[in-house]
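The values are calculated or read from the model by the stated rules, or taken from the named source; none is laboratory data. Values in this document were obtained by computation on a predicted structure and should not be read as measured data. We place every Cβ from the backbone using ideal geometry, glycine too, and count neighbours over all the protein chains shown.
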Amino acid sequence: MKLYTWPTSPFGAKVWAVAIATGLDDSITKVLYHPWQTDPELSKLNPLNKIPVLITQENETLYDSPVICEYLIEQSGKKELLENKWCNLRWQALADGIMDAGVLVRYETYLRPGHLQCQDWLNRQLSAIHRGLDILSQEKLCDALTLGTISIASALAYIDLRFKDSFDWKKGREQLAGWYSALSLHPTLVQSKPIDCPLPTNLCSLQK
């Protein structure tokens with residue numbers, strides 16, 4: 001199998017964590033591809049031009065991280081990753097929303113020239129992040145690796161990576177911070193956390 005992803009992608013990190021947790025990581029080759037590269041390779045696989053994308057062993061193309069994660073769980077038979085299914089899917093949806101907002105803030109502030117950035121748009125996305133974190137801080141999160149806890153941990157790792165100098169998400173959310181501090185030491189999450197890396201040279205910018 002092939003996984004199109006990028007080291008900083010929280011969605012790619014989530015999928016890779018699930019791949020490790022299911023024991024399928026050894027059968028997957030990573031193809032590093034940034035969604036803002038100007039060549040059309042990714043758009044031929046995913047018309048939305050987003051990562052991650054998985055080419056399955058049946059040579060089928062899957063995109064959107066929840067779909068890929070469910071495929072890996074089904075293929076591996078590791079149903080415990082989706083025990084208490086609706087709770088895990090709800091946690092995944094909330095974590096994915098936080099990731100979405102975080103990535104949009106990153107693109108707006110890093111790829112778009114400063115004079116074209118929209119503060120109202122940035123405030124909207126940052127508010128979504130904070131509301132999501134507030135809800136997570138009230139959840140009774142389990143200590144086991146599940147699709148939901150992997151998703152949340154991947155979202156928090158991305159917030160740490162991209163926004164540690166912008167705001168302290170742990171302040172006032174000590175229970176969530178303590179939970180993440182413990183779970184993030186799990187070898188699966190250590191191996192899969194999003195990490196910074198140089199951008200490819202053929203990267204377009206947000207000029208509009």
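Just give me the residues in segment 1-44 being surrounded by 16 or more Cβ atoms within 10 Å (Cβ to Cβ) and either at pLDDT below 95 or aromatic (Phe, Trp, Tyr) (or both), in sequence order.
Matches in segment 1-44: Tyr4, Trp6, Phe11, Trp16, Tyr33, His34, Pro35, Trp36, Gln37, Leu42.
Residues of segment 46-82 being among the hydrophobic types (A, V, I, L, M, F, W, C) and either modelled with pLDDT under 95 or surrounded by fewer than 17 Cβ atoms within 10 Å (Cβ to Cβ) (or both), which ones?
Initially, segment 46-82 is screened for residues among the hydrophobic types (A, V, I, L, M, F, W, C), giving 48, 51, 53-55, 62, 67-69, 72-73, 81-82.
The answer is Leu48, Val67.
Just wondering, is there one or more residues in segment 83-99 that are outside any helix (DSSP H, G or I) and surrounded by fewer than 17 Cβ atoms within 10 Å (Cβ to Cβ)?
Just the residues of segment 83-99 that are outside any helix (DSSP H, G or I), to begin with: 83-84.
Still in the list and also surrounded by fewer than 17 Cβ atoms within 10 Å (Cβ to Cβ): 83-84.
The answer is yes, given that some residue of segment 83-99 is outside any helix (DSSP H, G or I) and surrounded by fewer than 17 Cβ atoms within 10 Å (Cβ to Cβ).
Does Ala182 satisfy the condition of being touching a Lys or Arg at 6+ places or on another chain (Cβ under 8 Å), in a helix (DSSP H, G or I) and not charged (D, E, K, R)?
Numbers: touching a Lys or Arg at 6+ places or on another chain (Cβ under 8 Å): no; in a helix (DSSP H, G or I): yes; not charged (D, E, K, R): yes.
For Ala182, the condition - touching a Lys or Arg at 6+ places or on another chain (Cβ under 8 Å), in a helix (DSSP H, G or I) and not charged (D, E, K, R) - is not met.
Please give the number of the condition Arg131 fails out of (1) surrounded by fewer than 17 Cβ atoms within 10 Å (Cβ to Cβ); (2) touching a helix residue (DSSP H, G or I) at 6+ places or on another chain (Cβ under 6 Å).
Looking at each condition in turn, Arg131 falls short on (2).
List the residue pairs whose Cβ atoms are under 8 Å apart, where the first residue sits in segment 46-63 and is within 15 Å of Gln75 (Cα to Cα) and in the same structural domain as Ala13 (by TED's automatic domain parsing), the second is basic (Lys, Arg) and surrounded by 15 or more Cβ atoms within 10 Å (Cβ to Cβ), and the two are 6 or more positions apart or on different chains.
Leu54/Lys2; Ile55/Lys2
Hey, Gly172 hits all of (1) in contact with a Lys or Arg (Cβ under 6 Å, 6 or more places away or on another chain); (2) at positive phi but one; which does it fall short on?
Status for Gly172: all satisfied but (1).
Only one of these conditions is not met by Asp143: (1) touching a Phe, Trp or Tyr at 6+ places or on another chain (Cβ under 8 Å); (2) part of a helix (DSSP H, G or I). Which number is it?
Unmet for Asp143, out of (1) touching a Phe, Trp or Tyr at 6+ places or on another chain (Cβ under 8 Å); (2) part of a helix (DSSP H, G or I): (2).
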